[in-house]
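Worksheet for the structure shown next.
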Amino acid sequence: MPDYPSPTGRTSQPDPRVTVAVITHNRRAELARTLDHLAALPEKPAVVVVDNGSTDGTAAYVRWRHPGVRLIASRRNLGAVGRNVGLRQVVTPYVAFCDDDTWWDPGSLARAADALDAHPDVASVTARIVVEPSGEDDPIVPELAHSPVAARPGLPGPALLSIMAGASVLRADAFRAAGGFSPRLWLGGEEELLCTDLVTAGYWLCYLPEATVHHQASVARDATLRRLLGIRNTLWFTWLRRPGRSALWRTAELAGTVPLDATSAAAFWAAIRGLPWVLRERRPVPPEVEAQIQLLEEPRRASSARRYVG
C-alpha cells in the first residue's frame, strides 16, 4: 500500500480517532469495492458493516474477504437506522458514515478528524463528493460550497443545516445525544431531522472541501420507492419542526411541485396517516433556526440536485 502523507505531515499510521460505519442491502459487489478502498486508507480506520438483511451472500463475503471488519448481520432491512446500530460498536470520538457505493479518499478522514478536534462546537463535517467514473463534482457540491447559512467566524468551512450521511464525519457523542436517525423515517432524507436537532442544540455543521468522498451510484436501487419516502419524510420533517405558517407554506409548495402521479399521491397519504404521532412529537424550532432554514428555500427551488424523480 502506498504510504500517503497525512494532512498534518505525520507518516502513515493508524488514526485512532475515526471509525467508518457502512450500511448495505443486497449490494455485495459495490460493498466489496468500498471495503477494498477503505482497507487501503492510510488512516487504517476501524470499520463496522451493518448488513440490512441482504439475501445475496453479503454477510458471508464480508466474513471471508474482510475478517477484520466488525459485521452486524440484521435479519431485516433497518434502513438508515442501521447506522444507529453500527454506532453502538463505535468507541472512537468520531464516526464516518459511508454507503456501500461510496468510499473515502486517502487522508480525508484525518483531515475531518483534525477539523473536529479543533472545533468542539462542530458536530459534523461533510466532504466534497466526486461522482465516479466521470471524476466530476456532484451537482450538490456548489450548493455546499456556497451555502447561505450564516456562520460564526473561524469555522473550518461553510455552515450547513444538513448533511449527506454517506459523505460526512460526525461527533459520535453528539449523534447519540440527538437520538440518531429516526426509525419512523427509515430512509430518504433522514438526515434533515437529525441535523436540525443538532443545530437547535447549538452545534455547527460544516462543508469541508479538503476532504473527499467518491460516489459511484449503484444501479440496484428502487427510484420510485426512494421518491415516495423522500416526499413523505420531507412532509414529516416539515410538520415536526417548522412553525405553523412555514409548515403550511412548505406543504402547499411541495404539493404543487412534485409529479402528479400515483407515487406522489401515495407519499402524501402515507404522511397524512402519520399525523397522529407527528402531532404528538411536534417540536417547532426556535426563530433563529427557522430563519436559517428560510435562507435555503430559494437555493432549494433552483437546485438541480434536489428533484423528486423516479
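If we scan the stretch 169-187, do we find a residue that is open to solvent by less than 10 Å² (accessible area, probe 1.4 Å), more than 27 Å from ARG17 (Cβ to Cβ) and either within 15 Å of the chain's Cα centre (by Cα) or among the hydrophobic types (A, V, I, L, M, F, W, C) (or both)? Yes, that holds for at least one residue.
Does SER124 meet the test of being modelled with pLDDT of 95 or more and over 13 Å from the mean Cα position of the chain (by Cα)? Answer is no for this residue. Among the hydrophobic types (A, V, I, L, M, F, W, C) and touching a residue at least 40 places away in the same chain (Cβ under 8 Å): is that true of ALA177 in this structure? No; evaluated as a whole, the condition is false for this residue.
Counted as qualifying within the stretch 204-285 are the helices (runs of 4 or more DSSP H) with 3 or more residues that are modelled with pLDDT of 95 or more, open to solvent by less than 20 Å² (accessible area, probe 1.4 Å) and closer than 30 Å to PRO156 by Cβ, namely 223-241. Report, by residue number, each residue of the stretch 115-150 that is in contact with a strand residue (DSSP E or B) (Cβ under 7 Å, 6 or more places away or on another chain), open to solvent by 60 Å² or more (accessible area, probe 1.4 Å) and closer than 25 Å to ALA174 by Cβ. Listed by number, the list holds a single entry, ARG128. Comparison of ALA174, ALA127 shows that the only residue that is part of a helix (DSSP H, G or I), of a type in the set (Gly, Ala, Ser) and touching a helix residue (DSSP H, G or I) at 6+ places or on another chain (Cβ under 8 Å) is ALA174.
Let's see how each residue does on (1) more than 27 Å from VAL199 (Cα to Cα); (2) of a type outside the set (Lys, Arg):
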position	(1), (2)
TRP236	no, yes
ARG241	no, no
GLY244	no, yes
THR251	no, yes
ALA262	yes, yes
ARG282	no, no
LEU296	no, yes
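The values are calculated or read from the model by the stated rules, or taken from the named source; none is laboratory data. Everything quoted here is computed from the prediction, not taken from an experiment. FYI the Cβ positions are ideal-geometry reconstructions off the backbone, even for glycines, and counts take in every protein chain you see. What goes into the accessible areas is simple: the full protein's heavy atoms, side chains included, and nothing from ligands, DNA or RNA. Shrake-Rupley method; radii C 1.70, N 1.55, O 1.52, S 1.80 Å.
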